[in-house]
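Colleague: The following block contains the structure, expressed as structure tokens.
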Amino acid sequence: MKKTFEEIDIQLSLFHLILLTMFVYIVLHLLEEQILGFPDWAEARWKIPNYVTFMWLQHNGYFVAFVGAGFMLYRRSPQVLLPIGLGIVIWGLMTFLGHLVYSIIRLEYSPGLFSGLFFMAIAILVYQRLRRSGELSPGTILLAILAALLYWIVPICLFIGIDRLFGLSLPAV
């Protein structure tokens, strides 16, 4: 028997959908990027010298740690800290959109695009759940977008700063 998005949405709590976003990133997205050569692809396209798998894994460790910390904070008070949890889903959606936009602009596949489709599906389910529950307000959306931007920007700034501190080869920003 085929299930619709709504039937699946009823069975998955917001907690599960946020956790699923993290699972998709850590397991599917990073696996796709590794198998399809994202470090080499990024080195060639973004001109990051010596962007080897180890450096790529380190950089993704920053994202995992920061998003994981956000998830733990959200779990302390899910109602009050909803934007922090919702920010994780938006961060996943931003990851997908980054791959999609780059693929369209360059007219080539960006490793990570296919697994990114899961982020889009999760975001749709979360949106439907929050809209039905009445928990979706302009303020919540704005704060969630700000949280998502922090999930993106803070790890990048940290790994660029720490890489420079240790003399690892990253281009000047």
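Colleague: Quick test of your reading of the structure: L19 fulfils all but one of (1) at pLDDT 95 or above; (2) over 20 Å from L86 (Cα atoms). Name the failing condition by number.
Modeller: Going through the list (1) at pLDDT 95 or above; (2) over 20 Å from L86 (Cα atoms), L19 breaks only (2).
Colleague: Taking the criterion of being closer than 21 Å to P39 by Cβ and within 21 Å of the chain's Cα centre (by Cα), would at least one residue in region 117-139 satisfy it?
Modeller: Among the residues of region 117-139, at least one is closer than 21 Å to P39 by Cβ and within 21 Å of the chain's Cα centre (by Cα), which makes the answer yes.
Colleague: If you don't mind, there's one more thing I want to ask. Scan G68, G87 and give me the residue that is touching a Leu at 6+ places or on another chain (Cβ under 9 Å) and under 30 Å from E135 (Cα atoms).
Modeller: None of the others qualify; the one that does is G87.
Colleague: Also, quick follow-up: Only one residue in F114, F63 is closer than 18 Å to L19 by Cβ and either surrounded by 14 or more Cβ atoms within 10 Å (Cβ to Cβ) or modelled with pLDDT of 95 or more (or both), so which one is that? Please lay out each step first, then the result.
Modeller: On the way: F114 fails: closer than 18 Å to L19 by Cβ.
After applying the criteria, what remains is F63.
Colleague: Which condition does P111 not pass, out of (1) closer than 19 Å to Y51 by Cα; (2) assigned to a helix (DSSP H, G or I), if it passes all the others?
Modeller: (2)
Colleague: Name the one entry in I105, I90, I48 that is assigned to a helix (DSSP H, G or I) and crowded, with 16+ Cβ neighbours inside 10 Å.
Modeller: On inspection, the qualifying residue turns out to be I90.
Colleague: Spot the failing condition for E33; the list is (1) touching a Pro at 6+ places or on another chain (Cβ under 6 Å); (2) free of Cβ contacts under 8 Å to residues at least 40 places away in the same chain, and only one is missed.
Modeller: Status for E33: all satisfied but (2).
Colleague: Right, L136: outside any helix (DSSP H, G or I), out of contact with any Asp or Glu (no Cβ under 9 Å at 6 or more places or on another chain) and either in contact (Cβ under 8 Å) with a residue 12 or more places away in the chain or not hydroxyl-bearing (S, T, Y) (or both) or not? Explain how you work it out, then say what you get.
Modeller: Details: outside any helix (DSSP H, G or I): yes; out of contact with any Asp or Glu (no Cβ under 9 Å at 6 or more places or on another chain): yes; either in contact (Cβ under 8 Å) with a residue 12 or more places away in the chain or not hydroxyl-bearing (S, T, Y) (or both): yes.
Yes: the conditions hold for L136.
Colleague: If you don't mind, there's one more thing I want to ask. Considering only residues that are more than 25 Å from L142 (Cα to Cα), touching a residue at least 12 places away in the same chain (Cβ under 8 Å) and among the small types (G, A, S), which ones fall in region 81-129?
Modeller: Within region 81-129, S110, G112, S115 qualify.
Colleague: Considering region 75-87 alone, what residues qualify as being crowded, with 17+ Cβ neighbours inside 10 Å and over 11 Å from the mean Cα position of the chain (by Cα)? Lay out the reasoning, then the answer.
Modeller: Filtering region 75-87 for residues crowded, with 17+ Cβ neighbours inside 10 Å gives 81-87.
If the condition is that a residue be crowded, with 17+ Cβ neighbours inside 10 Å and over 11 Å from the mean Cα position of the chain (by Cα), then L81, L82, P83, I84, G85, L86 are the ones that fit.
Colleague: Within region 142-160, does at least one residue satisfy the condition of being at pLDDT 95 or above, crowded, with 21+ Cβ neighbours inside 10 Å and under 15 Å from L17 (Cβ atoms)?
Modeller: yes
The values are calculated or read from the model by the stated rules, or taken from the named source; none is laboratory data. Because the structure is a prediction, the values reported are computed rather than measured. Cβ: placed from backbone, ideal geometry, glycine included. Neighbour counts: every protein chain shown.
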